[in-house]
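Beneath this line is the structure, given in structure tokens, with notes to follow.
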Amino acid sequence: MDKFVIEGGTRLTGDIYVSGAKNSVVAILPATLLLDVPCIIDNVPDISDVEICLTILRELGAEVEKTGEGTYRISCENVSRYTVPEAQARKMRASYYFLGALLGRCGRAKAAMPGGCNLGERPIDQHLLAFETLGAYATLIKRRNMRGEEYVDAVELETDRLTGTNISLNVVSVGATMNAILASVKADGITTIENCAREPHIVDLANFLNYMGARISGAGTHKITIEGVPFLRGNVAEGSVETRTYSVVPDQIEAGTFMAAAAATRGDVMIHGVIPHHLKDIADRLRECGVRVEEIENEDIVRVYVEGDKRFRATNIRTEPYPGFPTDMQPQMAVLLSIAEGQSNITESVWEDRFKYVTELRRMGANIDLTRDGAIVWGVPRLHGASVKACDLRAGAAMIIAGLAAEGATEITDIYHIERGYSHIVEKLRGIGARIQRE
Ligand code: EPU
């Protein structure tokens, strides 16, 4: 079984580089189905969720060519299929973006219910609300499990015409906001999406589509307006051979993970290729713990370091949609709090089951109690190495940080979760002095 082996106790020091954002690229790649010209996507992270997206594109009939490290030329001209291959759909949560993109492209889409991290119930009612409000008819294909209970196994969408309208989401949802954008960029007329999520990856998807000729405004606010356009070919004149290149935004959560790792190991790390304002809430929480975080003026660098030998201070975190503290940083931050002095409270307001890592962290000596919607962490002076597993992507990232900060050796299994979302994590961390290897 593949695993990471970490010898803890080394301060991380030096320079590390952030890759393109997972949660952006998994929407941008399906969005290429909406284009009427080929495009080049750059700064694509080398992660297994990207591999799955590219496989889906290829199986739908797209031409995908790797033209350099992290660069792909994608042409969807010959796509005629509208069914997302089942095996791939089930491997990843973001496969549902193919529903919105295919619906927007050809008025039909079918996909098995998506897989991905198990963080409790992950409904898609808001996605369906968006599709149906735009004029699509959704059929839920149901099955029964071994206990005879009915569940939704796949979704099929169909429409003669998508028409611009007002979509008011009942829940602030990243996925539903992205899917509403994908389905409406080529609809007739004007669509408004209210109660949108505001994450950087939503802005990135809108920027990509606008660059290719869409008319989307308000991304990053609670209300997005989309004026439907018949074609998406950028400013490229018909018949021209110019291909536009779009670079994926840096990964806010990968950067945050490196920040937490630098802090927990009491290191001094320059994290390059970041957008500092995306990291504000993470930086603020780290500062509350006594960690120094400096944004390097006019550069895309953030420096994270710890001075002296005082223990970290305890603090409280509450996860919230952007610009609040990201749920995708909650497990990593919990590691720091587990070695801080005093009691910290964590409140998780996005996912009902994002505390699987607690059992693993306890194996390393952490003192954490679960509450109805969160956790109470009583800091201990130090963690010790142990055999643990990556229960999901961010839980796995937390185990790496814990292993790096702990005394002794840590072995992490189920690392496929981590490799879904972190590009070359072993090489990158070794570059700043971590003693970690993949076995
Ligand atoms: N929700 C509904 N109905 C829906 C959709 C969502 O009730 O139709 C609820 C969810 O149950 C949850 C809340 O709304 O309580 C927020 O869910 P959201 O739709 O925003 O999450 P998502 O789009 O499924 C994305 C990221 C997650 C990240 C969340 C929150 C991708 C591919 N995934 O998920 O990333 O935790 O937003 O920021 O973008 C990760 O990267 O580790 C990860 C899990």
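The values are calculated or read from the model by the stated rules, or taken from the named source; none is laboratory data. All values reported here derive from a predicted model rather than from experimental measurement. Glycine gets a Cβ as well: all are built from the backbone with ideal geometry, and neighbour counts include every protein chain shown.
Among the residues of segment 159-189, write down those that are of a type in the set (Gly, Ala, Ser), free of Cβ contacts under 8 Å to residues at least 40 places away in the same chain and either within 18 Å of residue 323 (Cα to Cα) or part of a loop (DSSP other than H, G, I, E, B) (or both).
In the first step, residues of segment 159-189 are kept if they are of a type in the set (Gly, Ala, Ser); the result is 164, 168, 173, 175-176, 180, 183-184, 187, 189.
Then drop every residue that is not free of Cβ contacts under 8 Å to residues at least 40 places away in the same chain, which leaves 168, 189.
Across segment 159-189, the qualifying residue is only 189.
Out of all the residues in segment 93-106, is one or more farther than 30 Å from residue 390 by Cα, more than 16 Å from the ligand (Cβ to nearest atom) and assigned to a loop (DSSP other than H, G, I, E, B)?
To start, the set of residues in segment 93-106 that are farther than 30 Å from residue 390 by Cα comprises 100-106.
If we keep only those that are more than 16 Å from the ligand (Cβ to nearest atom) as well, we get 102, 104-106.
Then keep just the ones that are assigned to a loop (DSSP other than H, G, I, E, B); that gives none.
No, segment 93-106 contains no residue that is farther than 30 Å from residue 390 by Cα, more than 16 Å from the ligand (Cβ to nearest atom) and assigned to a loop (DSSP other than H, G, I, E, B).
If we scan segment 146-155, do we find a residue that is more than 12 Å from the ligand (Cβ to nearest atom) and either crowded, with 20+ Cβ neighbours inside 10 Å or of a type in the set (Phe, Trp, Tyr) (or both)?
Yes, segment 146-155 has at least one match.
For segment 174-221, give me the residue count where each residue is of a type in the set (A, V, I, L, M), more than 16 Å from residue 134 (Cα to Cα) and within 16 Å of the ligand (Cβ to nearest atom).
Residues in segment 174-221 being of a type in the set (A, V, I, L, M), more than 16 Å from residue 134 (Cα to Cα) and within 16 Å of the ligand (Cβ to nearest atom): 7 in total.
Counting residues that are more than 21 Å from residue 329 (Cα to Cα), which strands (runs of 3 or more DSSP E) fully inside segment 371-439 reach at least 2? Steps first, answer last, please.
On the way: elements: 374-378, 387-389, 409-413, 435-438.
Hits in segment 371-439: 409-413, 435-438.
Any residue in segment 121-133 that is touching a residue at least 12 places away in the same chain (Cβ under 8 Å) sitting within a Cβ distance under 6 Å of a residue that is among the hydroxyl-bearing types (Ser, Thr, Tyr) and more than 7 Å from the ligand (Cβ to nearest atom)? List the pairs, counting only those 6 or more apart or interchain.
Every condition considered, the pairs that remain are 133/165.
Pull out all pairs, ordered by first then second residue, where Cβ-Cβ is under 9 Å, the residues are six or more apart or on different chains, the first lies in segment 311-332 and is in the same structural domain as residue 358 (by TED's automatic domain parsing) and more than 11 Å from the ligand (Cβ to nearest atom), and the second is part of a strand (DSSP E or B) and of a type in the set (Phe, Trp, Tyr).
Here the result reads 314/378; 317/325; 318/325, each pair linking segment 311-332 to a residue that is part of a strand (DSSP E or B) and of a type in the set (Phe, Trp, Tyr).
List the strands (runs of 3 or more DSSP E) inside segment 239-321, counting only whole elements, that have at least 2 residues being surrounded by 18 or more Cβ atoms within 10 Å (Cβ to Cβ) and among the hydroxyl-bearing types (Ser, Thr, Tyr).
On the way: elements: 244-247, 268-272, 292-295, 301-305.
Correct list: empty, since no element meets the threshold.
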